[in-house]
Amino acid sequence: MFCEFKEPNYSTFISELENIINIYNKAVQDISESKEIEFVRTIKILEEMDEILNIHFTPLSHLNSVMNNEENQKIYEDSLPILSTFHRKLAHNNALYEKLKTITANSDEQKRVISENIKNFKLSGIDLPQTIKERLEEIDSKLSLLSNQFSQNLLNATNAFSLIIESEKDIENMPQNAIESAKIETDGKTCYEFTLQMPSYIAYMTYGPNRKIRESLYQAYTTRAPQNSQIIDEILALRDEEAKLLGFKSYAWLALEKRDADTPNDVIEFLEKIANIAKTYAKKELEELSKYAYKIDGIEKLESYDVGYYSEKLKKELFDFDETEVQEYFEQEKVLNGLLDIVSNLFDVEFKKMDLHLWNECVKTYDTYENNELKSRIYFDLEARKEKRGGAWMHDFETHFIDSKDKKHLASTFIVCNFSPKIDKIPSLLRHDDVVTLFHEMGHALHHIFSNNQERSISGINGIAWDVVEFPSQFLENFAYKKEILKTFAKHHKTSQNIPDWLLEKIEESKNFQASLGILRQLEFAMFDIKLHLRLYDSDEAQILLDEIRETTSLITPPKYNKFQNSFSHIFAGGYAAGYYSYKWAEVLSADAFFECIDESDNFNRSKALGYKENILAKGNLNDMRVLYEKWLGKTPDLGNLFKLYGLESD
C-alpha cells in the first residue's frame, strides 16, 4: 500500500530527520565492515533506507512548494544543510566504496545499480584527498541553501506585486473568466487586480488592450528578485570550483558526464543546427506579426510585451481561432478525467478516485490498477494559489521496488500545475496550452509509476539521464493536439455539447503558429545555460553573454531592464544547470517516437504504445535511454522528425 501523506510535525521534524540519518549511517558502517557480499543483504538494505529518508523529507519539500509559509520554509531551510552533509559524506565513504566493488550481482538490474553507484562515487571525488572532499561537502551544502534562497526570493517577489486597474476600458474584450478572477472591491468600487501569478499575468499579456499596462506587467515580471543576481554569482563560482576540484574543465563538462550528450560542443552544435533552420522561418513569422500590429494599431516597432497580445489577435484572424472560445470546452475536471481515460485505453490500466483529506481541498487522488492489481498512485494539485510557487512539475513521492524482505513497494507521484482556479460559479477553465501542460506532466508521472524495476535506485525516474528525462513527457503532450483525443473530453462547461469538429481542426491547424519564434526562445535559454557553464562568469559578464546570444536568437531585442536570468529557476534552483538543452535533445526522441506510434491517417498504434510502455516506461534506468530506444524500435531517432513535428523543412 501507500504511505499516508500528512503534514509533518514541525517541532520534531529535524530530530526525526537526524535519527533516520543516524540509523542510515549505522547501516552503512555495519555493511561496510561485514563480510557479506550478497546484494540483497547489502545494497538493497541501503536502498530501503533511501526510501525511508525520502518519505520523511518529501512531504516537507512538497508543502514548501505548494503551501509555502514561514513555518515549513524555516524547517525546510534548516533541513537542507543536514541532508547535504549526509549525502556528501556518504558519497565520500571510502569503506562503502570498497565494499561496493565486492558485491555479487545476480541480475542485470543489480549490475546496473552497482555500476551506476561506482560511477557516482568517482564523480563525487572519492579518490581525492580528504581536505578536498571536505571542501566539496561545503560547496554542496552551500549550493543547496543558495538554490532554495533563489527560489524563495522569486516566490516572494512574485507575490509582492499587484497592479490595480480602475477603467473598464483597460479590460475591454478580455475573457470573462479572467475578468472575474481579477475583480476586487476597493472602497465600494469595482476594480481589477492583476498579479505576476501565471494565470493572471498571462491573461493580461495575451488579452489586455492597454499597451502601457502590458509593459508595466512585463517590466515587473522580468525584473523580479534583483537580489538573485548576487546569488547567481555565488552559485556559478561554487559550481566552477566544484568542477575543477573534480578534475573537469568546467561545470558543463562535469554535468555531461551523466548525460546522453557526450560533450558541450556536441550540445552547442546541436542547438546551432536547429537555430539556423528555425531562424529563417522565425523572421517570416515576425515580419507577418509586425505588419499586422501596424495595420490594426499603428505599432511601428513591436516590443517584447506586444508579442503575446498581437499573436493572439493574429491567430484568431488567420485561423478564426479564439482561445477564449476553446476554453469553454476545457473544464479542468473533464480534462483530467478525459486524460485518465486516454491513458487507461492506451496502456491497459484503470484509475480509481480516492477520497483523502490532503493539504488543499482542490487536490484529487487516483490509484492505478494493472490487471486488477493495485499499481500506483497520483496526487493532482492543479490550481494556482498565492502559497504555491509558479510553473508546473511532477515530483516523485514513493518508488516501486522489492525490498530485502521481498515486500513490494508501490510508486506514487505529485502532479502540480497553476491553472486558473474556480471562481464562484465559474469552473476552472483551461487554455489549450494548459491541456498540453497537463499531458506533459502526466507523461513524467507515467515514467515513474509504470516502472517494474525491483531495485529502487534505477526504478521510475531515479537515475535517468537529465537530457532524456523529458522524453516521456514530450511524447504524451503531442497527443494533446489530436482531434480524436480531444473530442473524448472537450465538452462545453454550460451546455455539455461536444466541441465542434471545426474548432478541433483549428486547434490542430494552429499548433505550429509561430513555432519557430518559440523554438528560438527555447534555444536562447539553452544556449545561455550551456555557455554560461563553460567557464566562470560573473553577473555582468553573464549579461554580456546573454546579449551576444540574443543577437542570434532574439529577433526582438528585449528592453535593457529585462533581467530574466534572475528568475531562471530551471538552472539556478531546479536541477537543469548545463542541462536546459535537454528539452530539445529529448524532443528528438519524443518526435521520432510519436510518428512511430501513429499512421498516415493519425490513427494511434496501440501495439506500439504498449511496446513503449514495456520497453521505455517500465524499464526505468535499467540501461541508457538510447539502448532502450533502439531495443524498442530497432533504430536510432531521426532528427528530421523534430522539424516535421513543427512543420519545418530541415533540408
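The values are calculated or read from the model by the stated rules, or taken from the named source; none is laboratory data. Just so it is clear, the structure is predicted and the values come from calculations on it, not from any experiment. Cβ coordinates were reconstructed from backbone atoms using ideal geometry, including for glycine residues, and neighbour counts include every protein chain displayed. Surface accessibility is based on the protein's heavy atoms, side chains included, excluding ligands, DNA and RNA. Shrake-Rupley method; radii C 1.70, N 1.55, O 1.52, S 1.80 Å.
At a threshold of 8 angstrom on Cα-Cα distance, excluding pairs fewer than six apart, so keeping six or more, what relative contact order does the chain reach in percent?
Details: 984 pairs, mean separation 108.9, N = 651.
Rounded, it is 17 percent for the chain.
For segment 78-233, place one equal point scatterer on every Cα, skip the solvent, and apply the Debye formula. What is log10 of I(q)/I(0) at q = 0.12, 0.17, 0.19, 0.20 Å⁻¹? For the requested q values the scattering log ratios are -0.70, -0.97, -1.11, -1.17. Give me the lysines in straight-line cross-link reach of Lys563: C-alpha distance below 19 Å, same-chain residues under 8 apart excluded. Here the lysines satisfying the reach criterion relative to Lys563 are Lys531.
Looking at the chain only, what percent of DSSP beta bridges run antiparallel? Nearest 5 please. If I count the DSSP bridges inside the chain, around 80 percent turn out antiparallel.
Taking Lys375 as the anchor, which aspartates and glutamates have their alpha carbon closer than 14 Å to its alpha carbon, excluding any fewer than eight residues away along the same chain? Within the straight-line cut-off, Lys375 pairs with Asp348, Glu350, Asp367, Glu398.
Using the Cβ of Ser11 as centre and a radius below 13 Å, the other residues enclosed give a net charge of -3, where K and R count +1 and D and E count -1.
Taken one residue at a time, the phi angles of segment 589-600 give Karplus couplings (6.51, -1.76, 1.60, θ = phi - 60°) of 5, 5, 5, 4, 5, 4, 6, 6, 9, 10, 9, 5 Hz. Gly and Pro are set to x. Proximity of backbone amide H atoms, modeled 1.01 Å from N, is registered between Glu383 and Cys417, Phe419 at under 5 Å, excluding neighbours fewer than 5 places apart on the same chain. The alpha-carbon atoms of segment 168-216, seen along their principal axes, cover 28, 20, 20 angstrom, with the largest extent given first.
Accessible surface for Lys183 stands near 80 Å², nearest 10, in the context of the full protein assembly shown (1.4 Å probe).
When the alpha-carbon atoms of segment 229-359 are used, the pair Rg, Dmax equals 24.0, 58 angstrom.
Taking all protein chains into account, the per residue accessible area for the chain stands at 43 Å² (1.4 Å probe). Among the protein heavy atoms, those of Phe319 account for about 40 Å² of accessible surface (1.4 Å probe, every chain in place).
Mean residue ellipticity, 222 nm, helices only, the chain: the sum of -39500 (n - 2.57) across DSSP H runs of n ≥ 4, divided by residue count and rounded to 500, is -17500 deg cm²/dmol.
For segment 275-314, the normalised intensity computed at q = 0.24, 0.29, 0.33 Å⁻¹ comes to -0.76, -0.97, -1.12 (log10 of I(q)/I(0), Debye sum over alpha carbons, equal scatterers, no solvent).
Listed by chain and number, the lysines placed with their C-alpha closer than 17 angstrom to that of Lys74 are Lys142, Lys388; residues fewer than eight positions away on the same chain are left out. Each Lys and Arg contributes +1 and each Asp and Glu -1, all at the Cβ; summed about the Cα centre of the chain, the dipole is approximately 380 debye. In this structure the amide hydrogen of Ser412, modeled in the peptide plane, comes within under 5 Å of the amide hydrogens of Arg377, Phe397, Glu398, Thr399, none closer than 5 places in sequence on its chain.
Sorted on the mean count of surrounding Cβ atoms within 10 Å across their residues, most packed first, peptides 241-250, 392-401 read 392-401, 241-250. Taking every alpha-carbon pair under 8 Å whose residues sit at least 6 apart, segment 32-158 reaches a relative contact order of 34 percent.
Kindly provide the GluC sites (Glu not before Pro) of segment 542-641 that DSSP labels as loop, not H, G, I, E or B, and whose Cβ sees at most 11 other Cβ atoms within 10 Å.
Values: sites: Glu548, Glu551, Glu587, Glu596, Glu600, Glu614, Glu630; in loops: Glu600.
Answer by residue number: Glu600.
Heavy-atom accessible area for Thr186, with the other protein chains in place and a 1.4 Å probe, reaches approximately 60 Å². Listed peptides 300-311, 407-418 appear in the order 407-418, 300-311 once ranked by packing, highest mean of other Cβ atoms within 10 Å at the front. Summary value for segment 150-242: 33 percent relative contact order, contacts being C-alpha pairs under 8 angstrom separated by 6+ residues.
Taking the Cβ of Glu373 as the centre, find all other residues whose Cβ is under 13 Å away and add up their charges (Lys, Arg: +1; Asp, Glu: -1). Mind showing how you got there, number by number?
Values: positive: Lys352, Lys375, Lys408; negative: Asp348, Glu350, Asp367, Glu370.
In short, -1.
Place the peptides 254-261, 588-595, 226-233 in order of packing, highest mean first, counting for every residue the other Cβ atoms within 10 Å and averaging per peptide.
Working: 254-261: 19.8, 588-595: 22.2, 226-233: 17.0.
Ranked by mean Cβ neighbours within 10 Å, highest first: 588-595, 254-261, 226-233.
Computed from phi, the 3J(HN,Hα) profile of segment 480-495 under the Karplus parametrisation 6.51, -1.76, 1.60 (θ = phi - 60°) reads 6, 9, 7, 4, 5, 6, 5, 5, 6, 9, 7, 10, 4, 5, 9, 9 Hz, with x in place of Gly and Pro.
Set the bar at 31 Å for Cα to Cα. Now go through Lys111/Lys613; Lys189/Lys491; Lys273/Lys491; Lys273/Lys511; Lys408/Lys613; Lys183/Lys584 and name every pair that lies beyond it. Let's see the in-between values first.
Values: Lys111/Lys613 23 Å; Lys189/Lys491 36 Å; Lys273/Lys491 41 Å; Lys273/Lys511 22 Å; Lys408/Lys613 20 Å; Lys183/Lys584 39 Å.
In this structure, Lys189/Lys491; Lys273/Lys491; Lys183/Lys584 exceed 31 Å between Cα atoms.
Using the Cβ of Asn120 as centre and a radius below 11 Å, the other residues enclosed give a net charge of +1, where K and R count +1 and D and E count -1.
Using only the alpha-carbon atoms of segment 1-113 as identical scatterers, what base-10 log of I(q)/I(0) does the Debye formula give at q = 0.14, 0.16, 0.22 Å⁻¹? Reported log10 I(q)/I(0), two decimals: -0.67, -0.81, -1.18. Here the dipole of segment 1-68 is about 40 debye; that uses its Cα centre as origin and unit charges on the Cβ of Lys and Arg (positive) and Asp and Glu (negative).
Here the Karplus relation 6.51 cos²θ - 1.76 cosθ + 1.60, evaluated at θ = phi - 60°, turns the backbone of segment 239-254 into coupling constants of 5, 5, 5, 4, 4, 6, 5, 8, x, 10, 4, 6, 5, 4, 5, 5 Hz, with x for every Gly and Pro. For Glu193, the amide hydrogen comes within under 5 Å of the amide hydrogens of Ile165, Lys183, Ile184, counting only partners 5 or more places away or on other chains and with H modelled in the peptide plane.
Three principal axis extents of the chain based on alpha-carbon atoms, in descending order, are 79, 60, 56 Å.
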